[in-house]
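Undergrad: Quick one: structure below, then a few questions.
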Amino acid sequence: MRLLIVAIIALIVLSGCRQDYSTVEKVELEKFMGDWYVIGILPNAIEKHAVNGIESYRLNEDGTIGITYTFKKGTPDGKEKILTPKAKVFNHETNAEWRVQMFKPFWYPYLVVDLADDYRYTVIGVPNRKYVWIMSRTPDLAENDYQNILAKLKHEGYNTEKIVKMPQIW
């Protein structure tokens, strides 16, 4: 029975790993590290009603990437949630495809699908396009940048009608 459960979980995880996705051509990891304010998301159970989300990346000595994702529930004064997954670069040619471990022993695909030339914003997606995070180096993202990102995501097959802005109230 245990083997059957593991096999079913593996099939679910692998079903999200189809190879018809694209990433940015190159990510300079050192420039990418630091704080990113979460501007928009395809909602998921963990981030439901999240406010003031910040995802922080740091390059560890062993080559892994430490992630700290902090947000408040409901309001800026709400309960603080902190998630600390770790990541590793999966595609070393581009540095744009990572694997993130939220729960041991599983590693999930994590794709840099858009990135401004000056690293002022980035977009993280997954192969099955069910999750996306639009992030900025500042709590505000210019509306024209946001609309351009949405157009690119729609072209890539993301359901942009379900993307919601995460309040950044500081």
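The values are calculated or read from the model by the stated rules, or taken from the named source; none is laboratory data. Since we're looking at a predicted model, the values are computed, not measured. Note that each Cβ is placed from the backbone with ideal geometry, even for glycine, and that neighbours are counted across all protein chains shown.
Undergrad: Is there a residue in the stretch 102-110 that is within 23 Å of Ala50 (Cα to Cα) and of a type in the set (D, E, K, R)? Walk me through it before giving the result.
TA: Filtering the stretch 102-110 for residues within 23 Å of Ala50 (Cα to Cα) gives 102-103, 108-110.
Retained after the next criterion (residues that are of a type in the set (D, E, K, R)): none.
No; the residues of the stretch 102-110 include none that is within 23 Å of Ala50 (Cα to Cα) and of a type in the set (D, E, K, R).
Undergrad: Find all pairs meeting these conditions: Cβ atoms under 8 angstrom apart; at least six residues apart or on different chains; first residue within the stretch 20-49 and touching a residue at least 40 places away in the same chain (Cβ under 8 Å) and of a type in the set (Val, Ile, Thr); second residue assigned to a strand (DSSP E or B) and surrounded by fewer than 17 Cβ atoms within 10 Å (Cβ to Cβ).
TA: Val38/Ile54; Ile39/Lys165; Ile41/Val164
Undergrad: Let me ask something else. Pull up the stretch 150-170, narrow it to residues that are of a type in the set (A, V, I, L, M, F, W, C) and at pLDDT 95 or above, then point me to the one that is farthest from Val123 (Cα to Cα). Break it down into steps so the answer makes sense when it comes.
TA: Going residue by residue through the stretch 150-170, those that are of a type in the set (A, V, I, L, M, F, W, C) are 150-151, 153, 163-164, 166, 169-170.
Restricting the remaining residues to those that are at pLDDT 95 or above gives 150-151, 153, 163-164, 166, 169.
Values: Leu150: 10, Ala151: 12, Leu153: 9, Ile163: 12, Val164: 14, Met166: 14, Ile169: 21 Å.
My answer is Ile169.
Undergrad: Given the structure, is Pro109 under 17 Å from Thr84 (Cα atoms) and either charged (D, E, K, R) or touching a residue at least 60 places away in the same chain (Cβ under 8 Å) (or both)?
TA: Values: under 17 Å from Thr84 (Cα atoms): yes; either charged (D, E, K, R) or touching a residue at least 60 places away in the same chain (Cβ under 8 Å) (or both): yes.
Considered against the rule, which asks whether it is under 17 Å from Thr84 (Cα atoms) and either charged (D, E, K, R) or touching a residue at least 60 places away in the same chain (Cβ under 8 Å) (or both), Pro109 comes out as yes.
Undergrad: Would you check which residues across the stretch 84-96 are surrounded by fewer than 18 Cβ atoms within 10 Å (Cβ to Cβ), touching a Lys or Arg at 6+ places or on another chain (Cβ under 8 Å) and in a strand (DSSP E or B) and list them?
TA: Lys88
Undergrad: For residues that are surrounded by 14 or more Cβ atoms within 10 Å (Cβ to Cβ) and farther than 11 Å from Phe32 by Cα, tally how many sit in the stretch 117-135.
TA: Of the residues in that region, 11 qualify.
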